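Report on one structure; see the data block that follows.
What follows is calculated from the coordinates using simple rules that are stated; it is not laboratory data. Not measured: the values here are computed from a predicted model. Here the Cβ positions follow ideal geometry from the backbone for every residue, glycine too, while neighbour counts run over all protein chains shown.
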Amino acid sequence: MPQTALIIAVPEAEPLVGEWRERYDNASVGVPAHVTLLVPFAPSEQLDDKLVAELRELFAAQPAFSFSLPRVARFEEVAWLAPEPDQPFRRLTELIFSRYPDYPPYEGIHDEVIPHLTVALGDAALQDRIAAELSPALPIEAHAREVTLLEERADGSWHPRERLPLRGSESRRAG
């Protein structure tokens, strides 16, 4: 069953992380550089005009915000960029989950959700290479203007279904 996800796309990071993500993450299936707010969200067949309108209203009440990506961090088998401050991402995730409790972040498998921008999945040697290459080019300064509702297609690729502006941003439908 195709999934959906709610993310903050970070186009400012693409020039630095795009090639790494294409090779070692999910950029090749249409997922932009991003910080995940909630995955999985509602199944595709449950996305209707009412749900999208609810999401649009929910996010329109939340302020746009600036953040930076100043360092490479690691989980086991994952190199990622740490957003600072991370609290606005945490608040948005908590807000979504409080409104839609049937969709816990990462299906509830993590005790704590740590906001992050995944660069690559791989072993310690790959993570060392990424840290060595990216660290001198950091920080990346970015601005969260909207939440993107991504939808998985039957072929496993993803596309932006809706762009949901945060307060202070203009509204537009994904293409």
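The peptide list 65-73, 140-148, put in order of mean Cβ contacts within 10 Å with the highest first, becomes 140-148, 65-73. Computed from phi, the 3J(HN,Hα) profile of region 125-142 under the Karplus parametrisation 6.51, -1.76, 1.60 (θ = phi - 60°) reads 5, 5, 4, 4, 4, 5, 4, 5, 7, 7, 3, x, 8, 8, x, 9, 9, 9 Hz, with x in place of Gly and Pro.
Helical content of the chain, expressed as a calculated mean residue ellipticity at 222 nm, amounts to -8500 deg cm²/dmol (DSSP H runs of 4 or more residues, -39,500 (n - 2.57) each, divided by residue number, nearest 500). With both labels modelled 7 Å from their Cα along Cα-to-Cβ, the Gln3 to Glu133 distance reads 2.6 nm.
Size descriptors for region 61-109, from the alpha-carbon set: Rg then Dmax equal 13.2, 36 Å. Residues whose amide H lies under 5 Å from that of His34, counting only those 5 or more places away or on a different chain, are Val10, Thr118; hydrogens are built 1.01 Å from N in the peptide plane.
With each label modelled as a point 7 angstrom along the Cα→C-beta vector, the Ser157-Glu19 pair spans 2.4 nm. Sorting 24-33, 5-14 by average packing, meaning the other beta carbons within 10 Å per residue, from highest down gives 5-14, 24-33. Evaluating kT/(6 pi eta Rh) at 37 °C and 0.692 mPa s, with the Kirkwood radius of the chain over Cα pairs in the Stokes-Einstein relation, gives 199 µm² s⁻¹.
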